[in-house]
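To start, the structure itself, in structure tokens.
The values are calculated or read from the model by the stated rules, or taken from the named source; none is laboratory data. Note that the coordinates shown come from a computational prediction; the quantities given were computed from them, not determined experimentally. As a convention, Cβ positions derive from the backbone with ideal geometry for all residues, glycine included, and neighbour counts pool all protein chains shown.
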Amino acid sequence: MKFPVVDGIPFRSKEMSWLAFNSRVLQEAADGRLPLGERLKFLGIYSSNLDEFFRVRMATLRRLVLLGKDYGKLRLPDPRETLREARRLIRRDGLQFDAVYRDILRAMAKAGVRLVNEKDVPRPLWDWLYEYFFESVRPHIMPVMVRSYSRFETLADTSMYLAVELGRHDRKGREAHALIRIPVPELPRYVTLPEHRGERIVMCLDDIIRFGMPSLFTGLPYTQFDAWAIKFTRDAELEFDDDFTASLYDRIAEGLKARRTGAPVRMNYDGGIPKPFLELLTDKLRLGDEPTLLPGGRYHNRRDLVQFPVPAAMKAEPPRRLPHRVLSGDRESIFRTLQEGDVLLHLPWHSCSLFLDFLREASLDPFVDSIRLTQYRLARHSSVASALITAAQNGKEVTVLVEPQARFDEQQNISWAQRYQDAGIRVILGVPGLKVHAKMCVVTRNEHGEPRHYSALGTGNFNEDTARFYTDHLLLTAHHGIGVDIVESFRFFETNWLPPVLNHLVAAPFQLRTVIGSMIRHETAVAKAGGKASVFLKLNNLADPEMTALLYDAAAAGVEVRLMVRSMFSVAAGHPSVSGSIEGRSIVDGCLEHSRLFVFGNSGNPRVFLSSADFLPRNFDSRFEIIVPVLDEELRDELVHYLELQWADNVKARVLDAALTNAIARGGDKAQRCQESIPEWLTGRLVES
């Protein structure tokens with residue numbers, strides 16, 4: 001079996017494994033058992049993922065190719081081969097995407113929802129459509145003529161345009177050309193027209209513009225208008241130098257501006273566009289590199305399909321929200337509850353509002369002195385941020401570490417930092433040389449003249465929007481040592497020339513690689529001595545050469561290695577020469593699998609950890625990440641059972657084999673879907689308690 005080799009071990013490029021993950025998303029769109037709206041949602045997710053892949057991963061690969069043979073120093077597979085294989089897979093999946101899309105539209109039409117273009121609009125709806133066009137759409141349209149002196153360096157990244165050719169029916173005179181930006185998000189991409197003959201009629205904004213296009217060029221001597229869609233994608237990586245004397249606000253602003261004018265990595269275009277017009281556009285846009293040009297169909301930015309206006313009957317049921325067996329909403333103080341024992345939330349089945357209750361109580365409690373929290377991504381209208389501002393208004397000392405380099409959330413985080421400062425909150429704007437990716441909060445309370453810490457540590461962001469459909473875990477604890485470690489971490493954020501001294505948490509880039517490596521080596525030693533040893537990891541991404549080699553060694557020694565990984569996966573699971581006993585799974589379902597959990601067998605006394613970190617070089621070496629030991633025995637057992645329910649999934653789990661065939665995992669006497677069995681199990685625990 002041919003497989004890329006890095007440092008002498010089989011090691012798949014993370015780009016290829018990421019594309020295999022996106023193929024699994026596409027498999028969900030093709031699943032005829034799902035509601036039609038859910039299938040459209042997965043098409044939208046696939047398209048959104050692919051946009052980010054081009055903006056980040058393909059852009060990076062292109063830079064690696066420019067390094068020539070020096071890429072080998074970075075311990076990566078050959079980027080030229082990766083680029084070729086990536087393009088092949090993208091073309092293959094593109095054909096499947098189109099077939100699935102057509103299948104869904106046919107099924108929707110049979111169910112009474114019909115998507116029409118400008119030529120198929122029923123005549124009785126023309127008046128309504130003209131009014132909508134003139135009142136809502138036309139004010140947003142300002143065509144740009146394509147002339148020899150036109151400048152297009154500022155065409156918006158990932159925005160859609162209609163490339164318009166203007167002519168005359170009598171063919172007199174030369175054609176003219178123009179670009180029209182399709183005004184999304186100012187307007188909805190899909191518009192519901194009045195019902196017609198019992199059908200719900202939906203129209204794409206692109207076609208509404210085509211419908212009213214003659215009115216956009218009044219005063220010009222043209223009577224014929226043809227339009228083809230194009231989309232332009234730029235390199236979205238922000239690179240910052242090490243000049244920390246410069247204002248970070250200024251550097252972020254410069255980076256965002258650079259993103260808008262970054263190097264082009266892709267132009268999608270309607271394959272029907274006349275070749276001379278395409279050549280004119282590519283010349284003006286300076287797209288001479290053929291691999292950046294990707295012919296497609298009539299529509300682009302299919303990520304907007306997640307907002308398609310389908311009837312409620314075509315949508316999936318949202319995740320069941322369950323009461324918590326300890327935090328039952330009986331008005332008991334959360335602080336008193338935590339004094340009795342740790343509490344674990346399983347999101348999205350437990351509500352993120354329980355964490356907001358924690359912050360609300362902290363902001364009101366007269367004995368609370370301070371609140372410290374790390375912010376990576378927040379909800380757009382964040383109740384977490386509002387709670388922190390309210391706490392400051394109530395006289396609490398509030399400190400927020402705001403990570404200014406959270407990709408695609410940079411501007412929003414900068415805005416929050418400014419609002420915090422206006423409210424009197426102490427803001428730490430990142431740590432030079434590190435991204436702070438850890439998710440932790442500590443409330444310090446004065447009890448009998450002594451400080452007592454109440455902590456919240458999670459696998460996901462303090463974000464109530466994503467908490468509704470991401471699977472994550474949040475540990476609430478009054479463990480003094482853990483609270484002291486969080487306070488010490490904040491000391492490091494402020495005085496970062498002195499590394500933090502931690503006794504319970506393990507942090508990157510200081511000890512995390514060493515500690516994880518030592519635990520895998522311990523299991524390997526136990527297996528070599530004839531004992532039972534195991535490693536069970538649940539991650540979003542696993543693509544670190546050193547950790548991959550350690551897992552190969554462990555499997556060779558007889559350690560049971562199980563890997564539940566959502567997307568990037570560089571391990572050659574099942575490869576006969578190095579990893580025949582490693583098993584891999586990936587789950588793609590209605591909720592995004594996002595939690596990171598680590599279980600090490602430890603000779604029958606499992607060590608269980610929550611983590612903010614994936615197994616990528618950046619997580620070990622250039623981010624502040626933490627792993628959190630779960631010290632309560634009952635909660636350890638709870639997390640182990642949670643993982644076993646996931647491993648037993650034979651409906652939505654795919655096998656991660658060496659060839660990444662994405663075959664459904666088989667086994668068990670009956671169908672088991674973990675995103676159904678987990679809430680059922682949690683409901684059973686409610687009854688037991």
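Counting the residues of region 256-288 that are modelled with pLDDT under 55, small (Gly, Ala, Ser) and surrounded by fewer than 18 Cβ atoms within 10 Å (Cβ to Cβ) gives 1. Among the residues of region 527-544, count how many are of a type outside the set (A, V, I, L, M) and within 12 Å of ARG562 (Cβ to Cβ). Residues flagged as of a type outside the set (A, V, I, L, M) and within 12 Å of ARG562 (Cβ to Cβ) within region 527-544 amount to 3.
When the strands (runs of 3 or more DSSP E) confined to region 595-659 are screened for residues that are closer than 30 Å to PRO432 by Cβ and among the aliphatic types (A, V, I, L, M), those reaching at least 1 such residues are found at 607-611, 623-629.
Quick one: which helices (runs of 4 or more DSSP H) lie wholly within region 331-427 and hold at least 2 residues that are modelled with pLDDT under 90, within 30 Å of THR495 (Cβ to Cβ) and under 21 Å from the mean Cα position of the chain (by Cα)? Let's see the steps before the verdict.
Values: elements: 334-340, 353-364, 383-393, 410-422.
In region 331-427, 410-422 are the helices (runs of 4 or more DSSP H) which contain 2 or more residues that are modelled with pLDDT under 90, within 30 Å of THR495 (Cβ to Cβ) and under 21 Å from the mean Cα position of the chain (by Cα).
Checking LEU592, LEU597, LEU610 one by one, the residue that is surrounded by fewer than 20 Cβ atoms within 10 Å (Cβ to Cβ) and not small (Gly, Ala, Ser) is LEU592 and no other.
Candidates are the residues of region 656-672 that are surrounded by fewer than 18 Cβ atoms within 10 Å (Cβ to Cβ) and in contact (Cβ under 8 Å) with a residue 60 or more places away in the chain; the one that is nearest to the chain's Cα centre (by Cα) is ASN662.
Which residue out of ASP127, ASP120 is without any contact (Cβ under 8 Å) to a residue 24 or more places away in the chain, at negative phi and not in a helix (DSSP H, G or I)?
On the way: ASP127 fails: not in a helix (DSSP H, G or I).
Exactly one residue qualifies, and that residue is ASP120.
Identification of strands (runs of 3 or more DSSP E) wholly contained in region 447-520 with 2 or more residues that are under 30 Å from LEU592 (Cα atoms), in the same structural domain as GLU403 (by TED's automatic domain parsing) and under 22 Å from the mean Cα position of the chain (by Cα) yields 450-458, 470-477.
Taking the stated definitions as given, is VAL571 part of a loop (DSSP other than H, G, I, E, B), of a type in the set (A, V, I, L, M, F, W, C), out of contact with any Asp or Glu (no Cβ under 9 Å at 6 or more places or on another chain) and buried (at least 23 other Cβ atoms within 10 Å of the Cβ)? Against the criterion (part of a loop (DSSP other than H, G, I, E, B), of a type in the set (A, V, I, L, M, F, W, C), out of contact with any Asp or Glu (no Cβ under 9 Å at 6 or more places or on another chain) and buried (at least 23 other Cβ atoms within 10 Å of the Cβ)), VAL571 qualifies.
Selection within region 500-525: residues that are surrounded by fewer than 22 Cβ atoms within 10 Å (Cβ to Cβ) and in contact with a Ser or Thr (Cβ under 8 Å, 6 or more places away or on another chain). The member of this set that is nearest to LYS14 (Cα to Cα) is PRO509. Right, ALA29: of a type in the set (Gly, Ala, Ser), outside the structural domain of ALA663 (by TED's automatic domain parsing), modelled with pLDDT of 85 or more and within 28 Å of LEU551 (Cβ to Cβ) or not? So ALA29 does not fit the description; no. Of all residues in region 327-343, none satisfies being aliphatic (A, V, I, L, M) and closer than 25 Å to ARG623 by Cβ. A Cβ distance below 8 Å, combined with a sequence gap of six or more or placement on separate chains, defines the contacts here; from region 529-550, residues that are under 14 Å from GLY601 (Cα atoms) and outside the structural domain of LEU656 (by TED's automatic domain parsing) reach no residue that is modelled with pLDDT under 95 and surrounded by fewer than 19 Cβ atoms within 10 Å (Cβ to Cβ).
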